[in-house]
1. Just how large is the dipole of the chain about the Cα centre, in debye to the nearest 20, putting +1 at every Lys and Arg Cβ and -1 at every Asp and Glu Cβ?
2. With θ set to phi - 60°, apply the Karplus curve 6.51 cos²θ - 1.76 cosθ + 1.60 along the range 184-194 and write out the HN-Hα couplings as whole Hz, x wherever there is a Gly or Pro.
3. For the chain, modelled as a GNM with alpha-carbon contacts under 10 angstrom, which of GLY291, GLY268, GLY307 fluctuates the most?
4. Using the Cβ atoms and a cut-off under 11 Å, what net charge is assigned to the surroundings of PRO112, where Lys and Arg are +1 and Asp and Glu are -1?
5. Could you pull out every residue, at least 5 positions away or on a different chain, whose amide H is within less than 5 Å of the one on ALA73? Hs are placed 1.01 Å off N in the peptide plane, and Pro or chain starts have none.
6. So for the chain, Kirkwood radius off the Cα pairs, Stokes-Einstein at 20 °C and 1.002 mPa s: how many µm² s⁻¹?
7. Only Cα pairs under 8 Å and at least 6 apart count here; give the relative contact order of the range 289-334 as a rounded whole percent.
8. Tell me, what is the percent relative contact order of the range 1-98, built from C-alpha pairs under 8 Å that lie six or more residues apart?
Amino acid sequence: MTVSLEQLRRCSVAVDLGAARTRVYLKRFGVIVDAPSAVAVNTRSGALIAVGAPAERMVGRTPEHIRVVRPVAGGTVVDIDMARRMLRALLGDRLRRAWRRRPTLRAAVCVPHGAEPLARRAAVETLTGLGARRVELVDGLIAAAVGSGLPVTEPEATMIVLCGASTSHTAVLSLGSIVAAETVPVGGEVIDRAVVQHLRSHHELLLPGQAVHPLHLAMSVAPAGRSEAEVYGRDVTTGRFRTVSVDTDDVRAALRPPLTSLVDAIRGVLRQCQPDLVADLADRGITLVGGSAALPGLDTMLRQATGMPVRVAEQPAVCAVEGLGAMLEGRVRPLHRDPLGR
Ligand SMILES: Nc1ncnc2c1ncn2[C@@H]1O[C@H](COP(=O)(O)OP(=O)(O)OP(=O)(O)O)[C@@H](O)[C@H]1O
Ligand SMILES: [Mg+2]
């Protein structure tokens with residue numbers, strides 16, 4: 001299914017349902033929701049207890065009768081009912097007001113590049129269940145490229161690497177279309193898990209999720225030489241909290257397998273492109289988008305591995321939803337033809 005810019009201009013709301021975060025753009029208002037994709041439910045009564053950040057804070061701290069559900073996995077809706085309840089709660093009154101103003105409301109939704117028909121249908125059903133009369137699906141790579149400010153509609157090649165929570169997509173675009181693309185199951189969650197597993201197996205330390213980001217930072221401070229970082233966690237056997245000194249070089253080595261598959265995907269995409277396109281890319285380089293683009297040192301690592309300029313987009317996490325928003329507002333003008341229509 002392809003969608004034209006004309007059809008997107010008729011939409012009033014744009015949704016980016018991610019494994020980690022849900023983002024909603026309302027026409028003329030901008031991004032009105034940017035919250036963790038999490039719902040806490042009472043398993044006895046089925047009642048909704050919390051959504052978004054409060055639900056995420058409950059992970060690992062819930063009594064038996066409360067379950068925290070993540071309705072999106074791998075970039076696709078896996079629990080349509082929970083995804084609807086989450087969106088309804090996150091939007092609250094704003095959804096009702098938007099519906100009242102426009103009873104024939106149309107919605108645009110980002111889907112991961114190469115999403116299966118079932119995943120596309122789940123995205124459509126989630127929004128139609130909330131009352132949308134029509135749902136337009138947009139490739140997340142194109143939305144993110146538009147949101148990062150790349151000249152996607154021009155006859156010149158641009159390269160984008162979208163690093164999400166569970167997957168990363170990389171593509172070369174020209175004239176509003178994807179020339180070549182690859183997807184790898186590597187994202188922020190995979191990278192965090194590699195750090196947690198390293199600490200568990202080499203230091204017998206259990207790390208709470210929020211302790212991983214400061215460690216990323218420590219690793220990027222001395223990218224070349226060996227350095228130590230103090231990490232506070234719970235001992236696997238005694239259950240007591242203790243601090244260990246971690247060699248950041250060893251952590252970097254633990255991250256090598258997932259990061260190597262990301263680099264391989266980039267090289268694979270470049271191999272599929274004509275020499276003229278690759279020549280364009282030598283100047284413009286790679287634009288990093290997605291929440292994990294903010295991973296300290298990722299840009300440097302990719303620059304060294306590919307020999308190409310690498311820049312992190314401004315506000316990389318919201319590029320996809322902002323790109324959808326730009327299409328809704330009619331800020332994306334086709335130069336030669338409608339970039340999304342065929
Ligand atoms: N400053 C940061 N440093 C390192 N990682 C970060 C930072 N900010 C966000 N992340 C990571 O980015 C990921 C979330 O990215 P994003 O918001 O693009 O995910 P998503 O769109 O929900 O996921 P997906 O598109 O894969 O379904 C999380 O794994 C988070 O740990
Ligand atoms: Mg995403």
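1. Details: 42 positive and 33 negative charges, 352 e Å.
The calculated dipole for the chain is roughly 1700 debye.
2. Those phi angles translate into 10, x, 10, x, x, 5, 5, 5, 4, 5, 5 Hz.
3. So, out of GLY291, GLY268, GLY307, the one fluctuating most is GLY307.
4. Values: positive: ARG120; negative: ASP16, GLU116, ASP139.
So the environment of PRO112 carries a net charge of -2.
5. VAL78
6. On the way: Rh = 21.2 Å.
Rounded, D is 101 µm²/s.
7. Numbers: 29 pairs, mean separation 19.5, N = 46.
It comes to 42 percent, rounded to a whole number.
8. Working: 147 pairs, mean separation 21.8, N = 98.
The value is 22 percent.
Rule-based calculations on the coordinates, nothing more; no lab input. Just so it is clear, the model here is predicted, and its values are computed rather than measured. Cβ atoms come from the backbone with ideal geometry, glycine included; neighbour counts cover every protein chain shown.
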